[in-house]
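In what follows, a single structure is set out as structure tokens and then discussed.
The values are calculated or read from the model by the stated rules, or taken from the named source; none is laboratory data. Given the structure is predicted, the values throughout are model-derived calculations rather than measurements. A quick note on method: Cβ atoms are made from the backbone with ideal geometry, for glycine too, and the neighbour counts reach across all protein chains shown. Calculation scope for accessible area: heavy atoms of the full protein, side chains included, ligands and nucleic acids excluded. Shrake-Rupley method; radii C 1.70, N 1.55, O 1.52, S 1.80 Å.
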Amino acid sequence: MAASHNRLRELRDLLALERTLMANERTLLAYVRTGMALVIAGFSLIQFFRQNLFVWVGVALVPIGLGVVLVGWVRYRHKGNALASSSSTSL
């Protein structure tokens, strides 16, 4: 009885870890999607509008979008490393 309870607990912990890893990946994809949208919006403003204000907003959106992608990647790696270290100590 105790052995089956321990196996069930280990399975539950493993599945929880898998869900957390997938949530981390989904969060990274959301950062990438948002960053790409900002970069595309910036290039669109630069390309289609010739007024100074729109061009400068477009020029500002491109590095902001790249920064969002970079921040997402750093957070993904940090959370992934934290999850890997916590799973190796618990298993």
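Regarding R50, is this residue farther than 30 Å from A16 by Cβ and either part of a helix (DSSP H, G or I) or more than 19 Å from the chain's Cα centre (by Cα) (or both)? Yes; evaluated as a whole, the condition is true for this residue. Could you please let me know if R9 is outside any helix (DSSP H, G or I), of a type outside the set (S, T, N, Q) and at pLDDT below 90? When the stated conditions are applied, R9 does not pass them.
Answer yes if at least one residue in region 9-32 is out of contact with any Asp or Glu (no Cβ under 9 Å at 6 or more places or on another chain), over 30 Å from T89 (Cα atoms) and among the hydroxyl-bearing types (S, T, Y), and no otherwise. Within region 9-32, not a single residue is out of contact with any Asp or Glu (no Cβ under 9 Å at 6 or more places or on another chain), over 30 Å from T89 (Cα atoms) and among the hydroxyl-bearing types (S, T, Y). Filtering region 74-90 to residues that are in contact (Cβ under 8 Å) with a residue 40 or more places away in the chain and of a type outside the set (S, T, Y) leaves R75, K79, G80, L83.
Among the residues of region 60-73, are any under 30 Å from R12 (Cα atoms), more than 20 Å from the chain's Cα centre (by Cα) and free of Cβ contacts under 8 Å to residues at least 24 places away in the same chain? No. The residues in region 41-56 that are touching a residue at least 12 places away in the same chain (Cβ under 8 Å) and open to solvent by 60 Å² or more (accessible area, probe 1.4 Å) can be counted, and the count is 1. Count of region 57-91 residues, restricted to those that are surrounded by 14 or more Cβ atoms within 10 Å (Cβ to Cβ) and small (G, A, S), is 5.
Here R26, R33, R19 are screened, and the one residue that is among the basic types (K, R), at pLDDT 95 or above, out of contact with any strand residue (DSSP E or B) (no Cβ under 8 Å at 6 or more places or on another chain) and surrounded by 11 or more Cβ atoms within 10 Å (Cβ to Cβ) is R33.
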